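A quick write-up on the structure given underneath.
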Amino acid sequence: MKGWLKKLLAPAEDPRKTYSSVQERPQELLQKVVLARANLTATKSQLVAKVTQAKQKHEQLQSQSTQDPFVLQIQETVAQEVKGLEQEVVELEQEEQGLALIEQHLTTQVEALSARHETLEARHQATEARSQARRALEKLPGELAEVGMALEKAEQMSGNIQARTSVLEHL
């Protein structure tokens, strides 16, 4: 019973400590998504530049009016490369949009977790303040009793002094 009571009256563990490690995980994920999106954007830009180069090469080959089967085969290969690169650009754009949605979702989650953390911290501070107030109130009856006893003693002393004074006046 005594151990149970001690645990009940012991100061509570600060929940903010537990929360800080939990809050770091979504922020780390968000940073990874932002980095992945930046890398994807850079790759897409490079790919777009390659598509432009391939199109120019294809136009140069098209401008050569020849019936040479080798040149025609190169023209066809370059045309296929251009289509393939354009398809990759489209796929990268879709991935980029997906990462943007994930980033937005994680940002919202991080903000929500932060708001919950602030609420938790405020609740913890309020609980601490309540606890301190209760401890102060618990001491109050004892302190009031001490003050009451001191007042009684002062009244007794005052009564004794009045009695002495009155005896001295009668003498």
Problem - Pairwise FRET efficiency - E143 versus A100, Cβ, R0 = 45 Å, nearest 0.05 - result: 0.10
Problem - For the chain: relative contact order, % (alpha-carbon pairs under 8 angstrom, 6 or more apart) - result: 33 percent
Fill in the blank from the handout: Computed over the chain: longest principal axis from alpha-carbon atoms vs helix 15-63 long axis, angle to nearest 10 degrees, is 10 degrees
Problem - Angle in degrees between helix 69-170 and the longest Cα principal axis of the chain, rounded to the nearest 10 - result: 0 degrees
Exercise for the section: Please report how many Lys pairs in the chain have alpha carbons closer than 30 angstrom, counting only residues at least 8 apart along the chain or sitting on separate chains. Expected result: 16
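We did not get these values from a lab; they are worked out from the coordinates using the rules stated. Every value quoted in this text rests on a predicted model; they were computed, and no experiment measured them. Using ideal geometry, Cβ is built from the backbone for each residue, glycine included, and neighbour counts are taken over all protein chains shown.
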